[in-house]
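The values are calculated or read from the model by the stated rules, or taken from the named source; none is laboratory data. Please read these numbers as outputs of a predicted model, since none were measured by experiment. Don't worry about glycine lacking a Cβ; one is built from the backbone with ideal geometry, like all the others, and counts go over all protein chains shown.
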């Protein structure tokens, strides 16, 4: 099987979960005769949602890569999950695609998944189409949704190419705004309105064409098609289609216009990591970007790549342009869900999978020549939720770390880190479902299990006043004894930790001063209030005593630790907690409830603004209150909201909350 780049159409299907993306993809495959039977999510026969996890949940978890032939064109389709927790799969899908088909629910209109798909289209500089789906449902309203799209993205940008014929249960078909010359009388006025808008858009990019159009000359169908193609490619036009995948209405029109209007892989220009323009060609040196990798319990690692330029051939040697290493490509495959179709070569626009590469991972670039340029890696959002993990069976810690290392290599939104302050191993991800799914996959690939615990909050301690403390360490047990006396002064220092040696007259010999500082630093690792890291203070050693025979470094370390605790207790110690900056995107209907939730969590709302059809809330909230916010937000908004957060600073904890934390710490340590 060979592919002509001009006849390849590569697009990602994205949007909110529940908008019928997967049903739309299954229907396109069936209409193109790529499959014999129409797949169904509800019947667990979907070509796209083929994993056991997806069939159980009846929703997409992973991006599925599909292919079919339509009107002499080869489609490469990436069906992405709609839940915000699986955003890594969505980003990878957009990186591999030339255009985006954004599914929008005919009842709910713009949701978080809509805004996210729009944003990613902007980030990756690819054109987009809207498909307003499920218009056969009760309360579905194409024109209401169209108004929302035009309000959010531009009245002269989002223009229908098809409009529905009938409404809700009476939906019977669609009208093609450009090609239906004699629409039913009740639709004639609206068809003429949108046809005029499309014609204006089609001729705007060509001055000569505009002059002919304004002069009343006839514009050929081919010229109109080219004008719309150019407008879509530039982002000046985002076509809106109407239909219902469930009733097979309006889908064929979408497929035809993907053939006619979407850019080809040879028009998809990119910029390499060093700023060089990558202009795709059918021949010459070949390059491909690895946008995804998967660890299969039976096959091992399989990488997915998108060919950028040139032609890759099976059973050939290539260079990993990111690492400089050499790789051998064996059998290449294009995919239809879990079905793997062997191919001998792949040209620009093709999405292929290959197994058993030695060191290649997600984000790498492969090339047939060292002259090819490496591409920039993908950027993924920071995790928003974490669990502390521990082995179910003792002695399996290494297996767990190796298993999670593979999973994190496959999923850049998943991270495994050891917290230096709490000494816990943390599994971080985009939400509870994401983390639980990762733990489930660990059992598959590493045959081991972990316990999940709520992570400890990395509180810190500091002082707000000054204090002096001293301690004499004296111990005699036969032979040389132990003796050291240390006097310390502590005071607040916003710039951080500072140690000052103010000893005069040799009260403590210079060779013991490093031991004093070491003792102070050890004491600061576990503060007296709640056993947390102590910070932002100046510590001065100003007096002390020693013994010619019995003094030692160990004695001075012990004395310094105890003197520090004494001084800190007198310097008005306080507990500090991490504060997070949160950016929450939700439909307007949930603004009141989310605002109340933030206030209940001791948070501060800094501002609100409308952004791409959604309400965006900027807030600062204590980290301890955000540990389960991903799950709470999902519950409140029925999965229609999302958030991102980053560390802002540490702030003093309110007295009532601090007393609870300190009491809990003291109780736990008393039990121990």
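Residues in segment 288-309 that are part of a loop (DSSP other than H, G, I, E, B) and either touching a helix residue (DSSP H, G or I) at 6+ places or on another chain (Cβ under 6 Å) or touching a residue at least 60 places away in the same chain (Cβ under 8 Å) (or both): 297 only. Among the strands (runs of 3 or more DSSP E) confined to segment 587-672, the ones with at least 3 residues that are in contact (Cβ under 8 Å) with a residue 24 or more places away in the chain and closer than 30 Å to residue 528 by Cβ are located at 614-622, 642-652.
Checked against (1) crowded, with 20+ Cβ neighbours inside 10 Å; (2) not in a loop (DSSP other than H, G, I, E, B); (3) not assigned by TED's automatic domain parsing to the domain that holds residue 99, residue 322 meets all criteria but (2). Among the candidates 39, 18, the residue that is outside the structural domain of residue 342 (by TED's automatic domain parsing) and either modelled with pLDDT of 95 or more or in contact with a helix residue (DSSP H, G or I) (Cβ under 7 Å, 6 or more places away or on another chain) (or both) is uniquely 39. Here segment 374-412 is the region considered, the condition is being over 26 Å from the mean Cα position of the chain (by Cα) and either in the same structural domain as residue 311 (by TED's automatic domain parsing) or surrounded by 14 or more Cβ atoms within 10 Å (Cβ to Cβ) (or both), and the residue that is farthest from residue 320 (Cα to Cα) is 391. When each of 524, 562 is tested for being free of Cβ contacts under 8 Å to residues at least 60 places away in the same chain, crowded, with 18+ Cβ neighbours inside 10 Å and closer than 25 Å to residue 668 by Cβ, the lone residue that passes is 524. Screening segment 178-206 for residues that are within 15 Å of residue 238 (Cβ to Cβ) and either assigned by TED's automatic domain parsing to the domain that holds residue 244 or touching a strand residue (DSSP E or B) at 6+ places or on another chain (Cβ under 9 Å) (or both) and picking the one that is surrounded by the fewest Cβ atoms within 10 Å (Cβ to Cβ) gives 197.
Screening residue 279 with (1) without any contact (Cβ under 8 Å) to a residue 40 or more places away in the chain; (2) surrounded by 15 or more Cβ atoms within 10 Å (Cβ to Cβ) gives one miss only, at (2). Of all residues in segment 18-46, those satisfying the criterion of being assigned to a loop (DSSP other than H, G, I, E, B) and in contact with a strand residue (DSSP E or B) (Cβ under 6 Å, 6 or more places away or on another chain) are 19, 20, 32, 34. Among the candidates 470, 438, the residue that is touching a residue at least 12 places away in the same chain (Cβ under 8 Å) and assigned by TED's automatic domain parsing to the domain that holds residue 389 is uniquely 438. Considering 506, 496, the condition of being touching a residue at least 40 places away in the same chain (Cβ under 8 Å) and part of a loop (DSSP other than H, G, I, E, B) is satisfied by 496 alone. All of 80, 67 fail the test of being within 20 Å of residue 114 (Cα to Cα) and either in contact with a strand residue (DSSP E or B) (Cβ under 8 Å, 6 or more places away or on another chain) or in contact (Cβ under 8 Å) with a residue 40 or more places away in the chain (or both), apart from 80.
In the set (1) in contact with a helix residue (DSSP H, G or I) (Cβ under 7 Å, 6 or more places away or on another chain); (2) surrounded by 18 or more Cβ atoms within 10 Å (Cβ to Cβ), residue 415 fails one condition alone, (2).
Find the residue count for segment 211-246, including only residues that are assigned to a helix (DSSP H, G or I) and either crowded, with 24+ Cβ neighbours inside 10 Å or within 43 Å of the chain's Cα centre (by Cα) (or both).
Going through segment 211-246 one residue at a time, the tally reaches 14.
Could you say whether any residue in segment 161-177 is in a helix (DSSP H, G or I) and surrounded by 14 or more Cβ atoms within 10 Å (Cβ to Cβ)? Yes, there is a match, as at least one residue in segment 161-177 is in a helix (DSSP H, G or I) and surrounded by 14 or more Cβ atoms within 10 Å (Cβ to Cβ).
How many of the residues making up segment 326-366 are loosely packed, with under 14 Cβ neighbours inside 10 Å, over 26 Å from the mean Cα position of the chain (by Cα) and assigned to a loop (DSSP other than H, G, I, E, B)? Total meeting the criteria: 3.
Yes or no: segment 511-520 includes at least one residue that is under 30 Å from residue 659 (Cβ atoms), part of a helix (DSSP H, G or I) and modelled with pLDDT of 95 or more. Can you show your working first?
Step one: of segment 511-520, the residues under 30 Å from residue 659 (Cβ atoms) are 519-520.
Going one step further and asking which of them are part of a helix (DSSP H, G or I), we end up with 519-520.
After this cut, where a residue has to be modelled with pLDDT of 95 or more as well, the list is 519-520.
Yes, that holds for at least one residue.
Checking 94, 86 one by one, the residue that is assigned to a helix (DSSP H, G or I), modelled with pLDDT under 95 and in contact with a helix residue (DSSP H, G or I) (Cβ under 9 Å, 6 or more places away or on another chain) is 86 and no other. Every condition in (1) over 20 Å from the mean Cα position of the chain (by Cα); (2) at pLDDT below 95 is met by residue 601 except one, and the failing one is (2). Is there a residue in segment 657-671 that is closer than 19 Å to residue 85 by Cα and surrounded by fewer than 20 Cβ atoms within 10 Å (Cβ to Cβ)? Looking for residues that are closer than 19 Å to residue 85 by Cα and surrounded by fewer than 20 Cβ atoms within 10 Å (Cβ to Cβ), one finds none in segment 657-671, hence no.
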